[in-house]
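K.L.:
The structure's right below; bear with me while I get my questions together.
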Amino acid sequence: MPVLNRPHLQLRHEIFRVERILVPETDRLPKREQKVIAVMPAYNAEKTLAATLADVPVGSIDEVILVDDGSTDRTVQVAREMGLTVIVHPENRGYGGNQKTCYRAALDHGADIVVMIHPDYQYDSRVIPHAVGILSLGICDVVCGSRIRSRQEALAGGMPIYKYISNRFLTTIENIALGQNLGDFHSGFRVYRREVLEKVPFERNSDDFVFDTQLLVQAVRLGFRLGDVPVPVRYFDEASSINFRRSVVYGFGTLGVCAQYWLDRLRLWQSPLFQAKEMPAANRQPNL
Ligand SMILES: Nc1nc2c(ncn2[C@@H]2O[C@H](COP(=O)(O)OP(=O)(O)O)[C@@H](O)[C@H]2O)c(=O)[nH]1
Ligand SMILES: [Mg+2]
């Protein structure tokens, strides 16, 4: 089809000078208008927190909220000394329960974009502004960091082979079930537009690890667009504590959520997980 039949694809004929895109960034880049808040669901992250934060590019976020889920190490003291906003669960509520507090706090603090990153130094936090940029451009509503750019790279980074195989298996099933094309559905580095967290009823989700899958499947069901960026993987003792048994439980949980998605789509069983939250109009901040 000729391009000119589509008004939004009109070719521009004004004279273009390459200087327009070559002037120094400092003179050109508009100031970021969206408030970006990073949330960190923490559990015994004392040793890795500083390294994770040290790699975050200067000026790329406005606030860091760390939610501690009953750590037995000095995570809370270390985070307070660093000047983070710290919220403490007096008891262990689980990984999903932790994220519920993270997202509620980020919305309360006025985030337009929420970056969720594990404080275990597994994910390269230098990628944050690039992932945020994809949302700012309006290309996607959720961006996930993909640990699996290639098999060789993932395994060389230290990903256990059983985690690699189960991740590939589950991610393939999820892509087919949901009509998506993500590289890693199980990433601990994700960026969300505020509207996603306002609409997805994440409070109804599990307090366990399957929370992560539920949130992505809900986002798809409610019409949000998912995308991904490659994030090199680092595996070492502190970065990976989930054992084989918990991974298996998580895997079956993930398949269950895909089944729920299709039951809901076919109107055979409509789950409250996929019913959008009604937010009071005053809370809506469509800044993007
Ligand atoms: N809240 C909470 N978080 C946990 C618990 N166990 C692990 N985590 C966190 O869950 C995240 C993922 O666990 P991790 O062992 O890094 O998984 P892997 O990197 O995928 O092998 C990390 O940020 C952990 O700190 C728990 O009992 N409660
Ligand atoms: Mg980890």
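K.L.:
Just name the residue that is nearest to residue 204 (Cα to Cα) out of those in segment 101-114 that are crowded, with 20+ Cβ neighbours inside 10 Å and within 15 Å of ligand 1 (Cβ to nearest atom). Full working, then the answer.
P.N.:
So the first thing to find is which residues in segment 101-114 are crowded, with 20+ Cβ neighbours inside 10 Å, and the list is 102-103, 106, 111-114.
From the residues that got through so far, the ones that are within 15 Å of ligand 1 (Cβ to nearest atom) too are 102-103.
Values: 102: 15, 103: 13 Å.
Only one residue fits best here, namely 103.
K.L.:
Further, regarding this structure: Hey, can you tell me all the residues within segment 60-82 that are assigned to a loop (DSSP other than H, G, I, E, B), more than 19 Å from the chain's Cα centre (by Cα) and either within 14 Å of ligand 1 (Cβ to nearest atom) or within 17 Å of residue 117 (Cβ to Cβ) (or both)? Let's see the steps before the verdict.
P.N.:
So in segment 60-82, the residues assigned to a loop (DSSP other than H, G, I, E, B) come out as 60-62, 70-74, 82.
Now drop any that are not more than 19 Å from the chain's Cα centre (by Cα), which leaves 70-74, 82.
Matches in segment 60-82: 70, 71, 72, 73, 82.
Residue by residue, here is whether (1) within 16 Å of ligand 2 (Cβ to nearest atom); (2) farther than 30 Å from residue 31 by Cβ; (3) touching a Gly at 6+ places or on another chain (Cβ under 8 Å) holds:
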{"residue": "179", "(1), (2), (3)": "no, yes, no"}
{"residue": "184", "(1), (2), (3)": "yes, yes, yes"}
{"residue": "206", "(1), (2), (3)": "no, yes, yes"}
{"residue": "211", "(1), (2), (3)": "yes, yes, yes"}
{"residue": "231", "(1), (2), (3)": "yes, no, yes"}
{"residue": "248", "(1), (2), (3)": "no, yes, no"}
{"residue": "272", "(1), (2), (3)": "no, yes, no"}
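K.L.:
Residue check: is residue 117 surrounded by fewer than 24 Cβ atoms within 10 Å (Cβ to Cβ), within 16 Å of ligand 2 (Cβ to nearest atom) and of a type in the set (A, V, I, L, M, F, W, C)? Quick ask: steps written out before the conclusion?
P.N.:
Working: surrounded by fewer than 24 Cβ atoms within 10 Å (Cβ to Cβ): no; within 16 Å of ligand 2 (Cβ to nearest atom): yes; of a type in the set (A, V, I, L, M, F, W, C): yes.
The answer is no for residue 117.
K.L.:
Continuing with this model, one more query. Limited to segment 120-157, what total is found for residues that are surrounded by fewer than 24 Cβ atoms within 10 Å (Cβ to Cβ), in a loop (DSSP other than H, G, I, E, B) and of a type in the set (Lys, Arg)?
P.N.:
Total meeting the criteria: 1.
K.L.:
Here's another thing I want to ask about it. Tally the residues that are closer than 18 Å to residue 98 by Cα and free of Cβ contacts under 8 Å to residues at least 40 places away in the same chain, restricting the search to segment 48-74.
P.N.:
9
K.L.:
Scan (1) in contact with a strand residue (DSSP E or B) (Cβ under 6 Å, 6 or more places away or on another chain); (2) within 16 Å of ligand 2 (Cβ to nearest atom) for the single condition residue 80 breaks and write down its number.
P.N.:
(2)
K.L.:
Within segment 246-271, can you find the residues that are over 16 Å from residue 170 (Cβ atoms) and either within 16 Å of ligand 1 (Cβ to nearest atom) or hydroxyl-bearing (Ser, Thr, Tyr) (or both)? Give the derivation first.
P.N.:
Initial filter on segment 246-271 (over 16 Å from residue 170 (Cβ atoms)): 263-271.
Selection gives 271 alone.
Bear in mind these aren't lab numbers, they're just calculated from the coordinates by the rules spelled out. Treat the numbers as computed from the prediction; the structure is a model and nothing was measured. Don't worry about glycine lacking a Cβ; one is built from the backbone with ideal geometry, like all the others, and counts go over all protein chains shown.
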